[in-house]
Every structure is written in C-alpha cells, then in structure tokens.
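First the structure, in the form of structure tokens, and then the observations on it.
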Amino acid sequence: MAGNQKFPSDLLFVVGLVILTDIFVLTPVLNESFIRTVLGLPMILFLPGYSLVSLLFPTKNTLEGIERAALSVGTSVAIVPLMGLVLNNTSFGIREIPLLVSLSVLIVLVCAAAYVRRKQFPEEKAFEISFKASARNMLIEIMGKPESTTEKALRVIMAVSILALAGSIAYVALLPHEQEPFTEFYILGSDGTAENYTTEYVQGESGTVIIGIINHEHSTVDYTMDVRLENKSLPLPETLKHIQLEDNMTLEKPLEITPTVKGNNMELQFLLFNETEKNVPYRDLHLWINVAGEA
C-alpha cells in the first residue's frame, strides 16, 4: 500500500554519511584524521548524484544496480561544479565550509523529496535496498555467466576496473601524502567574489579590492606585499605590507586603491614576496585599470 513505508534504509544511510562527514570536517580534532578524506570522497563523488537519482527513479526495475551507481557518480560530477559556480557568484565564494554546507543541505533535501516520491508507490514497487542483497546482485551482474566470450571478457574487465578504482581511492585516502609547499594569493572584488573588480577610477578617488593569502608552506612565513601602478609603488597599510602567517592560516583584508595618475589600460600589480627572495615576486597578480582626470 502506498504511503505507509518507513524511511528507506538507503536514504537514511546517505543522510547519516552526510552528518558524519560534517562532523569530521567541522570538528577541530577530527578534521585532521584520514577519516575526513575517506568520508569526503563519497560526499563529493557519489552522495549528491545518488540522492538525485533516487528522486528521479523512485521505483524498482527502472535501473540496474550498476547503472544506478554509475549514474550517481556521473551526476555527482556534474552537480558539484555547478554548486561551486553558484557559490562563486555569492558573497561566500568557493570555500570549503560553504561548499560542505551547501552540499549537505542539498543532499538532505533531495533525500527527503525522494522519500516523498517513493511513498506515492506501493511498497512492492518502490525502490529499496537490502545492502547484503545489493552486494550479491552486483557481483552476479559483474561475474554472472555471460552469453558469450566477449561479454565474459567485458565483465572481467569491469570487475578489475572497479577493484583498481577502489584500491586507488584507498591508497590516496589511507597513505599520508605531504603536499608540496605553496601559497595561495588572490584578489576579490569588493563584494567578496572573484569578479566585479573596480577597473574604472577617477584620479584621487578610491576603489576597494580584497587581498587574500593562504599559507600552505608547512611553516610560518613572513611575507612582504607591494602594490604598483605602472611600476610605481602605492602606499599600503603596515598590516598588508608586512604579513606573518602560520601554516594553514588565511588572511583576507580589504585594500583601498587610490590612483594618483590618470591614464588608460594601466597595469595595477599585486606582488607578494616571501622571506627567502626579496627581489623576485613569489606570487603576482594583475588588473588593468583606467583612471580619468578629476571631475
């Protein structure tokens, strides 16, 4: 009978994984564990697509197990970049916490909608998962007796590919890899997004950009920043001229740019120097601006 099903175990499992991932990402001690990576991979590569596939295909016999899994991965790969594109056009920008929260809310809401859709069908027709049966059926689909030698070869190749993928994910997740040291250096518009930069100025008037620096050098670094218009340095506050950041520390501060000369298509340079090289910029960014004469 439609409308009397309990909350499906697969959707409950998905919501549980989302909550668990949020805990391991947001909790200071737990977010240093490899479990964060193990949980983060399905959060990005599987769960968004699975919840949407569950909403679109609420009944049995519409998709085979492997088809449902493959479509879930493919849909996730499409959803996550779109989510990043949306966030990039907001004040949040593409950052870990906003992306995590957005994905979590999306997955939970879509799972709730999928549950509502399944309730519209009789229990014997609504899709459900018995985890033991699903694993057994998937093995049967992959390794079951094929109709031809070609089909058998394809099934073996598929099985080997799945095992290789699982092994690669486990290797990346479990084996500690130290990233190459680097520094993120970026500028944002006054609204906090990577667009809407002020490029039209009036001489003597100011425009604002947001300076961002993230230290991934595995140690504390003393940075020096210089902002130049047509290769001439502009005045900077001391807090942006000399910057000390600990490892994994982020600095984001607004900077007022006040051009003193007028001209068209002038190069505005943002130069970041590290403590080992004072003459050659470690990172550099550019904007091209126009400055009109005083009104």
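Some values worked out for this structure:
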| quantity | calculated |
| --- | --- |
| Sequence ranges 210-216, 81-87, ranked by mean other-Cβ count within 10 angstrom, highest first | 210-216, 81-87 |
| Summed residue charge, Cβ within 15 Å of LEU30's Cβ, Lys/Arg positive, Asp/Glu negative | -2 |
| Range of Cα positions in region 182-292 per principal axis (Å), largest first | 44, 30, 21 |
| Residue-span extension gain [LYS241 to LYS262] - 0.36 nm each, minus C-alpha spacing | 5.1 nm |
| Extreme residue, positive dipole direction of region 1-68, given options ILE23, PRO42, LEU11 (C-beta unit charges) | LEU11 |
| Label-point separation, HIS218 to LEU20 (7 Å along Cα→Cβ), nm | 3.1 |
| Sequence of ARG118, ARG95, ARG68, ARG228 once ranked by neighbouring C-beta atoms within 10 Å, starting from the fewest | ARG95, ARG228, ARG68, ARG118 |
| Calculated FRET efficiency for the pair ILE94/VAL73, C-beta based, R₀ 25 Å, to 0.05 | 0.70 |
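No lab work stands behind these numbers, since they all come straight from the coordinates. No experiment lies behind these values; they were computed from the predicted model shown. FYI the Cβ positions are ideal-geometry reconstructions off the backbone, even for glycines, and counts take in every protein chain you see.
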